[in-house]
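The values are calculated or read from the model by the stated rules, or taken from the named source; none is laboratory data. Quantities reported herein were computed from a predicted structural model and do not represent experimental measurements. Here Cβ is always computed from backbone atoms with ideal geometry, including for glycine, and neighbour counts include all displayed protein chains.
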Amino acid sequence: MTTMKTRSGPSMKVYVTVWLGMLMIVAVEAVLAGAHVSGGTLFAALLVLAFLEAAIALRYFMHLKYEVPLLFWTLIPGLLLAFLMMNQFWADSVRMNTFRFP
Amino acid sequence: MGMTHLMEGDVSDSAMTASGLHDSPMEPSPFRIASRKLTMWLFIVADAATFGGLLFGYGFLRFGSPNWPRPFSFSPNIVTGLFMTVILLTSSLTMLAGVTAAQEGRRSGAMKWLGGTALLGALFAVLHLREWSAMIREGWSLTANPMGGTVLFGAVFFSITGLHLLHVISGVIAILVIAVGFQTKRLTASHVETTGLYWHFVDLVWMFVFPLLYLLNVH
């Protein structure tokens, strides 16, 4: 039997460490929400922490770190580009109030 | 770190033939994974774009609505949300234990961990439905806002959390079906791993839904 070897996966010890790290990020998010930080700062901080958690989950829980790099480059940049393109609608959101009928 | 059993990156001849990777005259997959796993990845990317679009829509409406309500209090809403987050994160860990057990050929161990994952998923769903029920009793709906201000909060909240809840319930059913199939030797460790990929994605989506829909709406 031949096998196509890529890279081996992590142990349960690594998974538990990552799980604890993600719980800590959630705790930081909750503290920030309860600390009455200004809206814009809170939004930015929560978004950064959410992307950090997503990156950790993708790398370790979903094993993207242990797959061939081509899989990452095929899937993720295109998705991020789609998210970036959605940003073009913000201008309409700002103008929405002035467009509203009385 | 090193594990001697077949891991997600090792695709056996039989698995490759079954997945169409090895059939001549086809070339081997450049991604070195079984086709069912690649299919799940493609589904996940498409689903991530769906949730991304919904969350952008939420941001659009919130940014354009000067009277956006902030209905959640730290206790009990956020405390419950935190508990639900811990449950979902822990279910990802039990899923990883289930996948590892399946790949090592420990069928009863895999069954135990997958059962635990399904149980945690079901608990998450029950808590979520309980929260929905409390909000509906307060007067929240897709078209109603008991706090005054825009009614869009209910539409956005129930749509996004509803779609996520649908994913959770589907995932619980899928995990139970796969667990029974693996136990009865009708399905392989590859099926368990692919289902695990989906479950981690459900967890990943919640990592955005919880801070953006709950924590940003604390009064």
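Annotation: of all residues in region B:63-94 being aliphatic (A, V, I, L, M) and more than 8 Å from every other protein chain (Cβ to nearest Cβ), the one that is nearest to the chain's Cα centre (by Cα) is B:Leu88. Out of curiosity, is B:Phe60 part of a helix (DSSP H, G or I), more than 10 Å from chain A (Cβ to nearest Cβ) and either of a type outside the set (Val, Ile, Thr) or touching a residue at least 12 places away in the same chain (Cβ under 8 Å) (or both)? Spelling it out, it is not the case that B:Phe60 is part of a helix (DSSP H, G or I), more than 10 Å from chain A (Cβ to nearest Cβ) and either of a type outside the set (Val, Ile, Thr) or touching a residue at least 12 places away in the same chain (Cβ under 8 Å) (or both).
In the list A:Tyr66, A:Tyr15, which residue meets the criterion of being closer than 20 Å to B:Trp206 by Cα, facing another protein chain (nearest Cβ under 8 Å), hydroxyl-bearing (Ser, Thr, Tyr) and surrounded by 15 or more Cβ atoms within 10 Å (Cβ to Cβ)? After applying the criteria, what remains is A:Tyr15. Within region A:46-63, how many residues are surrounded by fewer than 17 Cβ atoms within 10 Å (Cβ to Cβ) and of a type in the set (Gly, Ala, Ser)? Number satisfying all stated conditions: 1.
Results for (1) within 25 Å of B:Leu61 (Cα to Cα); (2) surrounded by fewer than 14 Cβ atoms within 10 Å (Cβ to Cβ), shown as yes or no for each residue.
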{"position": "B:Glu131", "(1), (2)": "yes, no"}
{"position": "B:Ala134", "(1), (2)": "yes, yes"}
{"position": "B:Gly139", "(1), (2)": "yes, yes"}
{"position": "B:Thr143", "(1), (2)": "yes, yes"}
{"position": "B:Ala155", "(1), (2)": "yes, no"}
{"position": "B:Thr161", "(1), (2)": "yes, no"}
{"position": "B:Leu166", "(1), (2)": "yes, yes"}
{"position": "B:Gly171", "(1), (2)": "no, no"}
{"position": "B:Leu176", "(1), (2)": "no, no"}
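Listed here are the residues, each with its yes/no results for (1) at pLDDT below 90; (2) part of a loop (DSSP other than H, G, I, E, B); (3) crowded, with 18+ Cβ neighbours inside 10 Å.
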| site | (1), (2), (3) |
| --- | --- |
| B:Met1 | yes, yes, no |
| B:Ser14 | yes, no, no |
| B:Met26 | yes, yes, no |
| B:Lys37 | no, no, yes |
| B:Asp47 | no, no, no |
| B:Thr50 | no, no, no |
| B:Pro69 | no, yes, yes |
| B:Ser75 | yes, no, no |
| B:Ala97 | no, no, yes |
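When region B:63-81 is filtered for residues that are closer than 20 Å to B:Glu131 by Cβ and in contact (Cβ under 8 Å) with a residue 12 or more places away in the chain, the ones remaining, listed by number, are B:Trp68, B:Pro69, B:Arg70, B:Pro71, B:Phe72, B:Ser73, B:Phe74, B:Asn77, B:Ile78, B:Thr80, B:Gly81.
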